[in-house]
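Written out below as C-alpha cells is the structure these notes cover.
Since every read-out is calculated from the coordinates, none of them should be taken as a lab result. Since the model is a prediction, treat every value here as computed from it, not as a measurement. Reconstructed Cβ throughout: ideal geometry from the backbone, glycine too, with neighbour counts over all protein chains shown.
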Amino acid sequence: MANVSIDRLNSDQPPQRHRIEIDAELQADLDLYAEAYEADYGVKPKIAELIPALVAQFLAKDREFKRYKRDQRKQARGKPATAPSGSTMAGSQE
C-alpha cells in the first residue's frame with residue numbers, strides 16, 4: 001500500500017470546468033500519484049479527477065488561507081477582519 005494522503009475520490013459534486021497547462025515534471029508526478037492511489041484503492045483515477053482533490057486538500061491544510069477565508073466571511077457579514085501577522089495573502093494589511 002502506498003498510503004496516499006487524499007481520501008477516496010467522491011464524484012457526487014457537479015464539476016466546474018477549468019483548463020490548465022502543466023509541465024512535464026508535474027505530469028509525471030501526477031501519473032505516479034495516480035499509480036500510488038491505485039495501489040491504495042484498487043482503481044487508477046484520471047488525472048482530471050485527482051487534481052481537484054489534491055488542490056482541495058492543499059487548501060484545507062493551509063492555515064494562512066483558512067484564516068484569510070474566515071476573515072473574508074467576517075467582512076461579508078460586516079465584522080472587521082484581523083490580518084495575520086506576517087501575512088502575504090492578497091487583501092491583508094501589513
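Close amide H partners of Ala2, meaning residues 5 or more places away or on another chain with modelled amide H under 5 Å apart, are Asp40. If R0 is taken as 35 Å, the Cβ-Cβ distance between Leu26 and Gln72 corresponds to a FRET efficiency of 0.75. Across the stretch 18-32, coupling constants 3J(HN,Hα) worked out from phi with the 6.51/-1.76/1.60 Karplus curve, θ = phi - 60°, read 9, 10, 10, 10, 10, 7, 4, 5, 5, 4, 5, 5, 5, 4, 5 Hz, and Gly and Pro carry x.
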